[in-house]
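The values are calculated or read from the model by the stated rules, or taken from the named source; none is laboratory data. Small disclaimer: the values here were computed from a predicted structure and weren't measured. No Cβ is skipped: glycine too gets one built from the backbone with ideal geometry, and neighbour counts run over all protein chains shown.
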Amino acid sequence: MNKKAFNPFEMAQRQLDDAAAVLQLDPAVHELLRWPLRELHVTLPVKMDDGTTRIFHGFRVQYNDARGPNKGGIRFHSGETVDLVRALAAWMTWKCAVVDIPLGGGKGGIICDPKSLSAGELERLSRAYIRQVGRILGLEKDVPAPDVYTTPQIMAWMMDEYAFMQGYNEYGMITGKPLALGGSAGRGDATARGGMYCLREAAKALNLELKGATAAIQGYGNAGSFAHKLGVELFGLKVVAVSDSRGGIYNPDGLDFAKVSAHKAKTGSVIDFPGSKCISNEDLLELDVTVLIPAALENAINEDNADRVRARIIVELANGPTTPEADQILHDKGSYVIPDFLCNAGGVTVSYFEMVQNAYDYYWEECVVHERLEKKMTSAFWAVHNAAQQHRVHNRLGAYLVAVNRVAEAVRLRGWA
Ligand code: NAD
């Protein structure tokens, strides 16, 4: 599978097929789990600041709700395709199952370049999306959240539009909201924090010291920048390289989180950070570091570069950063991959906590959120690690075995297949 032909949904289906073979899944259950149960394609007219109307296209995919309401983020990206949204919705299904929260999988997206839109245009686009998709959303049906280039402010607009449609507030219809509007303490850094708990457990499994260990991070948004902060704070990692869509920076003595963040806030990018050397996103992946954290987009590690990846542990905060071919290459080389839908499940876990708090209208302190997140992530990590060891397969397949088994059980018990 070269970069040009990359289809994330085909990749997600192939990953499921591998798990189905090991689990000897009933053929009807297997076929059912290969496809989204339903999807909505929407066309969105939006008034632009210059008085013209532009037409945008978007999707909401509800992959499988056998274990509970669908759950999954909304992405604003020019490269969005329905197959990408389907793949992400499938991965959400496995993600909720692997951390054992009572939710199914969904995903949404709008094809747009959010950086070229004003705040007013973004608000009108967000509200237009909810006017179309709102009819299939709700606390008991499908609950979106932020993802690539969507923010707590966008969640607030979407929640508000939905409240107008219903005639009452339903905070729990969307998560990742600002604290003042029913958000949860601890949601901001939850994805990176969950990944860091997995990294801590992986280091235990490998008998590896994290203090002073080198790390490189691709992507410096919510997931990547908090991984930098928490990796240093919790374990004393030495983060030697980080990058964003404009390129990367490298300093073998380590990069200071507060200074790099301030530089990015001021200039819009990590590049040209004083005292660092410029590197490309491709070179960053091949650095001789102990920990590599892909935290940007899918298909970063593929058959073209996997054999040049030198990190001992790969912490997949991004969704779908490694192709199946690359998985096998990394496994054969002895790299330890913490697979995406386990590694980045901290976000959806705290989103689930947010839904629970919204339903009870009673809010937890941040330390309670951290403690409950840590418990969920740690037990999910060992379930996956043990399944991979037991079946002598790579960790991603181990994660699929745990997750698919749980979803298949719910499908069977409901009598769907
Ligand atoms: P974000 O929008 O906050 O940040 C994305 C970052 O990636 C930005 O720094 C951007 O510059 C960078 N980027 C974009 N294209 C790039 C490229 N080609 N090379 C290098 N960097 C590039 O998004 P996020 O929320 O941090 O999400 C990042 C990844 O983590 C995505 O795959 C997302 O699906 C996944 N994820 C995020 C969450 C969450 O709670 N935020 C949860 C689960 C998974």
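Observations on the structure shown:
- Whichever residue in the stretch 77-99 is free of Cβ contacts under 8 Å to residues at least 60 places away in the same chain and within 14 Å of GLN13 (Cα to Cα) and, among such residues, is surrounded by the fewest Cβ atoms within 10 Å (Cβ to Cβ): VAL85
- Selected residue (criterion: surrounded by the fewest Cβ atoms within 10 Å (Cβ to Cβ)) from residues of the stretch 105-136 that are in a loop (DSSP other than H, G, I, E, B) and without any contact (Cβ under 8 Å) to a residue 60 or more places away in the chain: ASP113
- Leading residue by the ranking (nearest to ARG124 (Cα to Cα)) among those in the stretch 26-46 that are outside any strand (DSSP E or B) and more than 22 Å from the chain's Cα centre (by Cα): LEU32
- Yes/no for ALA258 being outside the structural domain of GLU80 (by TED's automatic domain parsing), aliphatic (A, V, I, L, M) and part of a loop (DSSP other than H, G, I, E, B): no
- Yes/no for LYS266 being away from the ligand (no atom under 14 Å from the Cβ), buried (at least 16 other Cβ atoms within 10 Å of the Cβ) and either over 18 Å from the mean Cα position of the chain (by Cα) or β-branched (Val, Ile, Thr) (or both): no
- On inspection, GLN153 passes the criterion of being over 21 Å from GLU39 (Cα atoms) and within 14 Å of the ligand (Cβ to nearest atom).
- Residue satisfying condition, being among the hydrophobic types (A, V, I, L, M, F, W, C), touching a residue at least 12 places away in the same chain (Cβ under 8 Å), surrounded by fewer than 24 Cβ atoms within 10 Å (Cβ to Cβ) and closer than 30 Å to TYR362 by Cα, within set LEU181, LEU208: LEU181
- Annotation: THR53 fulfils all but one of (1) free of Cβ contacts under 8 Å to residues at least 40 places away in the same chain; (2) touching a Gly at 6+ places or on another chain (Cβ under 8 Å); (3) not aromatic (Phe, Trp, Tyr); the unmet one is (2).
- Failed item in (1) within 15 Å of the ligand (Cβ to nearest atom); (2) crowded, with 19+ Cβ neighbours inside 10 Å, with SER276 passing the rest: (1)
- Remark: THR191 falls outside the filter, which requires a residue to be assigned by TED's automatic domain parsing to the domain that holds LEU122, surrounded by 24 or more Cβ atoms within 10 Å (Cβ to Cβ) and either at negative phi or touching a Lys or Arg at 6+ places or on another chain (Cβ under 9 Å) (or both).
- Filter result for PRO146 (within 16 Å of the ligand (Cβ to nearest atom) and surrounded by fewer than 17 Cβ atoms within 10 Å (Cβ to Cβ)): no
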